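Below: one structure, written as structure tokens.
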Amino acid sequence: MSEQKIDAIIVGGGIAGMWALNVLKRCGYSTVLIETGTLGMDQTFASQGMIHGGLKYALSGQINTASEAISDMPQRWRNCLATKSSVSPKTLKHAGNVDLDGCALLSNRYYMFAAGNTLGRLTTFFASKALHGRIEKLSKPNWPGGFKGFKGTVYALNDFVIDTPKLLAHLAANHANSIFRCEANRSTVTRHPDGGYILKLKDTVLHTTQLISCAGNGSAPLIDALNIPTLKVQHRPLKQVLVKPKHNTAMYAHCLTHIKGPEPRLTITTHQADGHSLWYIGGQLATAGVTRSDAAQVDFAKAELETCLPWLDWQDADFSVLTINRAEPDQQLSVKPDTAYVERIDDFIQCFPTKLTLTPDMADRLLRALSPPEHKLSLNTSHPRATIGSPPW
């Protein structure tokens, strides 16, 4: 069995781990990634793919920490989408960016809509100088498809929706030989007596001084297995709804009609399942839905769609529920984190983007936490590689 030293081992093959792998490889770190199942199988594919600038966090009518911490993220991602592979880390404005040139989008814009005159004081807020360049009220001829028959107001945001399976495939394309299917447990990942960690693959033992957890829901068990008591993880559940309507219309929008509270009533993205459009719905529907049974959540979703989008036909639509358990750094009163999170405890680094859109910011923070690269990687192993998973629909 061969042995060698490397700069870093990443645990977790969702967007956080795969983005970190690309950044570290580009910056000269000898790095491998291990994933228990398939890449993107948990929170990444369960996300709606929105790359947003936080305006949906300011629906109380005031700019706040949550909305501003994320405001420049859509442009960060657009810079990555326009990056050519020849760009070096030295020429990047942000070292945590990666090359996403050619990666597919589901929608290049995202929208907000509200029926009639139901926005109240938000109408003035959206027109304020503070939001200049972040939101635009559209005239009816410029409304996107899907709003024929709607009577109300439509806004365009700078946000967009990325195809997460294709995003993961893009990030994996050049690093397949560094991505392994391997469960991180007490038999595969152990502390080295002289510091750092040991990873046991099928026919190779790797020694690293930097173990990076991007494991999402697997983070708490890993922290427990390695006995790192100072790190705590919280979970915030959602109960999303999947709808396959007969009208086959695409929609990428927040519904703000008669919203109650600082969150969109519905947050809608559209995906493809068996050649048919499938709506994936979050927002208040999903946050409050965790208190309902699946059957009650489906009934509530039917009523919400018939109320909020009555110009579309909801007869004979197929409904199902997807419960998601979001893993994040522990917060007082279990509130939503505003920023990405990276914390180093000796040779262990815990990473949470906290939101898909904050992944580049997480990578910036990770690079600041890492020691400089020291080792070269020349890996020859027959250990099984991890492959791209499938979205839940």
In whole angstrom, the spacing between the Cα centers of the range 124-198 and the range 306-370 equals 10 Å
Under the Karplus relation with 6.51, -1.76 and 1.60 and θ = phi - 60°, whole-Hz ³J(HN,Hα) for the range 268-276, x at Gly and Pro, equal 10, 10, 10, 10, 10, 9, 6, x, 10
Taking only the alpha carbons of the range 73-230, the radius of gyration and the largest Cα-Cα distance, Dmax, both in angstrom, are 23.3, 69
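Contour minus end-to-end for Gln332 and Arg181, with contour as 0.36 nm per residue of separation and end-to-end as the Cα-Cα distance?
50.9 nm
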Flagged as over-length at 25 Å C-alpha distance, from Lys137/Lys302; Lys140/Lys244; Lys232/Lys376; Lys166/Lys202; Lys56/Lys129; Lys137/Lys260, the pairs are Lys137/Lys302; Lys140/Lys244; Lys232/Lys376; Lys166/Lys202
Charge dipole of the range 240-329 built from unit charges on the beta carbon (Lys, Arg +1; Asp, Glu -1), centred at mean Cα; most positive-end Cα among Gln315, Phe300, Val290 is Val290
Here the equivalent ellipsoid of the range 17-61, derived from its Cα gyration tensor, has semi-axes (largest first, whole Å) of 30, 17, 6
Rounded to a whole %, the carbon-and-sulfur portion of the accessible area of the range 275-331 at a 1.4 Å probe is 47 percent
Taking every C-alpha to C-alpha distance in the range 182-276 and binning by 5 Å from 0, the per-bin percentages run 2, 9, 14, 13, 10, 8, 8, 10, 11, 9, 5, 1, 0
Carbon and sulfur atoms account, in whole percent of the 1.4 Å probe accessible area of the range 207-265, for 55 percent
In debye to the nearest 20, the charge dipole size for the range 186-317, taken about the Cα centre with +1 at each Lys and Arg Cβ and -1 at each Asp and Glu Cβ, equals 400 debye
Of the candidates Pro329, Gly195, Ile51, the farthest towards the positive dipole end of the chain (Lys/Arg Cβ +1, Asp/Glu Cβ -1, centred on the Cα centre) is Ile51
Taking the dipole of the chain about the Cα centre (Lys, Arg +1; Asp, Glu -1; charges at Cβ), the one of Thr230, His375, Leu131 that reaches farthest to the positive side is Leu131
Expected sort for 288-297, 350-359 on mean C-beta neighbours within 10 Å, highest first, is 350-359, 288-297
In units of 2.2 N^0.38 Å, the Cα radius of gyration of the range 4-144 is 1.33
With +1 on the Cβ of every Lys and Arg and -1 on the Cβ of every Asp and Glu, the dipole magnitude of the chain about its Cα centre, in debye rounded to the nearest 20, is 860 debye
Computed curve, the range 259-393, Cα-only Debye sum without solvent term, log₁₀ I(q)/I(0) at 0.11, 0.13, 0.17, 0.18 Å⁻¹, is -0.65, -0.83, -1.12, -1.19
With only helices counted (DSSP H, runs n ≥ 4, each -39500 (n - 2.57)), the per-residue ellipticity at 222 nm for the chain, to the nearest 500, works out to -5500 deg cm²/dmol
Rounded to two decimals, the Rg over Rh value of the range 195-335 from Cα coordinates and the Kirkwood Rh reads 1.14
In Å², rounded to a whole number, the accessible area per residue of the range 1-134 with probe 1.4 Å is 41 Å²
Of all C-alpha pairs within the range 147-196, those more than 17 angstrom apart amount in percent to 70 percent
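The values are calculated or read from the model by the stated rules, or taken from the named source; none is laboratory data. Note that the structure is a prediction, hence the values are computed from the model and not measured. Using ideal geometry, Cβ is built from the backbone for each residue, glycine included, and neighbour counts are taken over all protein chains shown. Protein only, heavy atoms only, side chains kept; ligands, DNA and RNA dropped before computing areas. Shrake-Rupley method; radii C 1.70, N 1.55, O 1.52, S 1.80 Å.
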